[in-house]
Amino acid sequence: MIKTAQDIKSYKKQLKEALQDQFLRQALGNFNKTYRENRDSVYAETDFDAIKHEIAADKDAALPRLQTLMQEFRRHAVDAGMQVHVATDAAEANQIISRIAQDNDVKQIIKSKSMTAEEETAGSLARQNYKAFENAPGDIILTLCASCAYHLKHYYPKIARQAGIPEKNMAAFVDKVMDFSSFMANVLDVSPDAFQRSAKKVAYHSPCHLCRGMGVTAEPRQLIETAGLNYVPCDDEDVCCGFGGSYSVDFPEISAEILKQKLAAVSESGVDVLVSDCPGCVLQLRGGMDKQGHHIAVKHISELVADQLKVIGS
């Protein structure tokens, strides 16, 4: 099991020695070449848009039946001769993994990034964030990131015990969390009188965590109009832009294809500006626009609103 820097150094040395094998190097080279050729051929014949809608439909259908599906999975797995282990948190999952390794005399475990690993860090960060806002006088915790808002509201209650925070206290914390567009539309109730009028046409990209995760759909579009701009609907506004945190790094080809279709839909709408409520989406979309040479500006919706505010005294 790799635990220390020395373990990592030893593993890298073993890997380097293994790759010196001429047969293995040739096999890897052949695989890499044929893999890319086959992948490109499959991608050319793949309807990514249909796949995205199919996956979204499958997820929506599965969520209400999650417990039943898990029971069915366990039954089929056991019937096939497998063992199924269920962990309630990261610590228990690590204990299960260690026990299985010890029972089978495993000498070394190479653990890739996983949700189990991230949960330990998530629990620590949740505790820090809770403590930071515990005595804050405000009634609202405002975030400009849709993914952060979703994580705080929907995931923090699940790790309250791991973070060492009473569930009642955590519930009071997450109730304060609000996304920017909802705050502007529902709390501040901003008026069109506060903004300049503009002929600019604006398209909106709806972040996955905002529209599907938090159910916020009307407020951003309403805010664009309130801010004196012309909201222009375009195809697949609520379809993922391909960023997905580390997804764009782990699966760059798929991410690029998703982004390509997203940008094509926006470009066809004839808009001047594309906005979103998620900094990650803005990063992905702006980079794609720049790379393709488009002249459509990409901004966070808060930037757009700030640009439209009337100057005091005007």
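Take the Cα of His294, step 7 Å toward its Cβ, do the same at Arg127, and the gap between the two points is 4.4 nm. Each of Phe48, Phe23 has some number of other Cβ atoms within 10 Å of its Cβ, and from fewest to most they run Phe23, Phe48. Among His76, His85, His300, the largest mean-square fluctuation in a Gaussian network model of the chain (Cα springs under 10 Å) belongs to His76.
Pick from Asp272, Asp193, Asp79 the residue whose mean-square fluctuation is largest in a GNM of the chain, springs joining Cα atoms under 10 Å. Ranking Asp272, Asp193, Asp79 by mean-square fluctuation puts Asp79 first. Which residue fluctuates the most in the chain, going by a Gaussian network model with Cα springs under 10 Å, if the choices are Ala80, Ala93, Ala146? With Cα springs under 10 Å in the chain, the top fluctuation among Ala80, Ala93, Ala146 is at Ala80.
With contacts taken as Cα pairs under 8 Å at a separation of at least 6 residues, the chain carries a relative contact order of 14 percent.
How big is Rg to Rh over the chain, alpha-carbon atoms, Rh as the Kirkwood inverse-mean-distance radius?
Answer for the chain: 1.03.
For the chain, the antiparallel share of DSSP beta bridges with both residues in that region comes to about 5%.
Cross-link pairs exceeding 26 Å in C-alpha to C-alpha distance, out of Lys59/Lys131; Lys59/Lys176; Lys200/Lys260; Lys200/Lys291, comprise Lys59/Lys131; Lys59/Lys176. Taking 0.36 nm per residue of sequence separation and removing the Cα-Cα distance, the Ala199/His76 pair yields an extension gain of 38.3 nm.
Bear in mind these aren't lab numbers, they're just calculated from the coordinates by the rules spelled out. Note that the structure is a prediction, hence the values are computed from the model and not measured. A quick note on method: Cβ atoms are made from the backbone with ideal geometry, for glycine too, and the neighbour counts reach across all protein chains shown.
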